[in-house]
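Below is one structure; the comments refer to it alone.
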Amino acid sequence: MIPSDDSALPVTGRLAGQRAVITGAARGIGAEIARTYAREGAQVFVLDIDIGLATQVARSIGGHAAKVDLADATSTSTALEQAIATLGGIDILVNNAGILKMAPLLDLTIENWDTTFAVNTRAMFVTTQVAGRAMVAQGSGSIINMASMGGKLGSPNQAHYAASKAAVISLTRVAAMELGAHNIRVNCICPGYVLTEMGTATRTPEMVEAWTAKSPLARLATTTDVANMALFLASAEADYCTGQAMNVSGGMVMH
Ligand SMILES: NC(=O)c1ccc[n+]([C@@H]2O[C@H](COP(=O)([O-])OP(=O)(O)OC[C@H]3O[C@@H](n4cnc5c(N)ncnc54)[C@H](O)[C@@H]3O)[C@@H](O)[C@H]2O)c1
């Protein structure tokens, strides 16, 4: 049975017959997107470095899972090519996986910087090429990239992460410009704070309180809030949206 959420939208089969690959869907936001897409009728392929959890998610939604290390470009392209072959094509790619290892700017190591960019940004470029070629051949597709509020605002101790997410927003815009003629839409999502494993590991209770107070809606984001945006962007309801960086931040960011 597919777990549901009280605040999930009514199920209307918006993704019936669609083939979706989602990275980093073993837990957190990605797993919520996988469940939401499956509920809406999509065939879902989960790619994650944690193959144990990824397999559990895939089993719970009747989908597929495979291991990938997005820090490795060859692992990334090979895993995605195999996922596309298994699904018989790809209609939706969600580049969701991301990492954050906080560090003050003056202590930030080259290794942390490079790994963050490899997973958060370079992998997205690789998957966009692989999926983009398949989508060009079929004449349609939707690519959804996970950026962050941090990509627009920045945040202390997150120079590498914020820069990698700002790059995601730029990559999204250029991909939208180049692929639009092939009926491929490319958008990204900029979530506010979500208390997933990443969210809880990188925020103190004081930060949570301070950020809650900054939202006009006086709460943090849930995984469902973000998954609902990913659903909208994947669906035909967003047919005229491309190149956008959609905030799901409870009004903490308004540009
Ligand atoms: N949680 C937040 O507050 C927040 C806010 C804004 C944006 N985001 C973004 O949302 C996305 C999902 O975040 P989350 O909070 O669900 O994080 P999470 O840490 O809970 O989940 C991340 C997933 O990515 C996978 N992953 C990590 N490194 C990988 C690698 N090298 N190869 C393959 N898979 C890998 C993990 O195994 C995990 O399943 C990320 O891109 C994150 O930057 C999160």
Practice task
Could you please find all residues in segment 197-222 being over 17 Å from MET252 (Cβ atoms) and buried (at least 16 other Cβ atoms within 10 Å of the Cβ)?
Solution key: MET198
Practice task
Filter segment 40-68 down to residues that are surrounded by 22 or more Cβ atoms within 10 Å (Cβ to Cβ) and either aliphatic (A, V, I, L, M) or free of Cβ contacts under 8 Å to residues at least 40 places away in the same chain (or both), then give me how many there are.
Solution key: 11
Exercise for the section: For segment 177-185, state whether one or more residues are β-branched (Val, Ile, Thr) and away from the ligand (no atom under 12 Å from the Cβ). Expected result: yes
Handout entry: Hits in segment 197-243 (condition: β-branched (Val, Ile, Thr) and away from the ligand (no atom under 15 Å from the Cβ))
Key = THR242
Practice task
Tell me, please, whether a residue that is within 14 Å of the chain's Cα centre (by Cα) and of a type in the set (Val, Ile, Thr) can be found in segment 107-123.
Solution key: yes
Problem - Residues (in contact with a strand residue (DSSP E or B) (Cβ under 7 Å, 6 or more places away or on another chain), surrounded by fewer than 20 Cβ atoms within 10 Å (Cβ to Cβ) and on the phi > 0 side of the Ramachandran plot) located in segment 223-253 - result: GLY243
Handout entry: Residues that are in a helix (DSSP H, G or I), near the ligand (Cβ under 10 Å from one of its atoms) and either on the phi > 0 side of the Ramachandran plot or not β-branched (Val, Ile, Thr) (or both), drawn from segment 119-153
Key = ASN120, ALA123, MET124, GLY150, GLY151
Practice task
List the number of the failed condition for PRO10; all other conditions in (1) modelled with pLDDT of 95 or more; (2) within 18 Å of LEU233 (Cα to Cα) hold.
Solution key: (1)
Practice task
Restrict the check to segment 154-169 and report whether at least one residue is among the hydroxyl-bearing types (Ser, Thr, Tyr), in a helix (DSSP H, G or I) and closer than 14 Å to THR242 by Cα.
Solution key: no
Handout entry: Matching residues, segment 214-252, being closer than 13 Å to GLU40 by Cα and in a loop (DSSP other than H, G, I, E, B)
Key = SER235
Fill in the blank from the handout: In the set THR78, THR86, THR74, THR127, the lone residue that is under 18 Å from the mean Cα position of the chain (by Cα) and under 27 Å from GLY52 (Cβ atoms) is THR127
Exercise for the section: Enumerate the pairs (first residue in segment 69-82 and within 13 Å of the ligand (Cβ to nearest atom); second residue anywhere and assigned to a helix (DSSP H, G or I) and hydroxyl-bearing (Ser, Thr, Tyr)) with beta-carbon separation below 7 Å, excluding pairs fewer than 6 apart on the same chain, so at least 6 apart or on different chains. Expected result: ASP69/SER75; LEU70/THR76; ALA71/THR115; THR76/THR127; LEU80/THR127
Exercise for the section: Among residues belonging to segment 186-196 that are among the aliphatic types (A, V, I, L, M) and in contact (Cβ under 8 Å) with a residue 40 or more places away in the chain, point out the one that is nearest to the ligand (Cβ to nearest atom). Expected result: VAL194
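The values are calculated or read from the model by the stated rules, or taken from the named source; none is laboratory data. Keep in mind it's a predicted model, so treat the numbers as computed, not measured. Because the Cβ atoms are built from the backbone with ideal geometry, glycine has one as well, and the counts that use them run over all protein chains shown.
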